[in-house]
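Contents: one structure, followed by commentary.
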Amino acid sequence: MGNCRVVGNLIYSGVPERFPDVKFVSVESGIGWIPFFLEALDHQIAETMPNERQHLSLLPSEYFRRQFYGCFWFETVAIKHLLDVIGVGNVLFETDFPTRPVSTRGPTAASARPSKGSSSQPASGSCRTTPRTCTGSPSPGSAPAPGPGRPGPLGAGGQAYPFLS
């Protein structure tokens, strides 16, 4: 839950306000906490910190939607029920590939499948487009091919996220 403190401090400090093009990624903390925490930040600033709004033009949840990303790797409940709240474009699939194999069974594999009852696009769509949006990387085919001295947009040789192709 340490990531909560960091995200809240970043937002309340005005860093996203001053640097609207900077992106932040919360890693190794899952995404189930994000909706509650954003609601709490919005409530806190409206109810107990009204003077803080003087240097912030958006609600904390709006800064998150604009500039923050959360990562999941094992969660199934959050993926099935919270993408509409968090925003499918604010979610990244996290893996230690190639050092640790990605599971083809269990929660990780299930989380990438479309879920019933969600109006969001499937998480697999997020896995293909959100990293490129977050990093500003071009879509495949729109940039010169990686080569010697010319690493791909997502890592040396373009191999950091092979599931994106």
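Here are the numbers for the structure shown:
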read-out: Residues located in region 39-57, provided they are touching a residue at least 40 places away in the same chain (Cβ under 8 Å) and assigned to a helix (DSSP H, G or I); value: E52, H55
read-out: Residues (over 26 Å from K80 (Cβ atoms) and assigned to a loop (DSSP other than H, G, I, E, B)) located in region 1-38; value: G14, F19, P20, D21, V22
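None of the figures in this text is laboratory data; all of them are computed from the coordinates on show. Fair warning: this is a prediction, and the values are worked out from it, not measured in the lab. Here the Cβ is made from the backbone with ideal geometry for all residues, glycine too, and neighbour counts use every protein chain on show.
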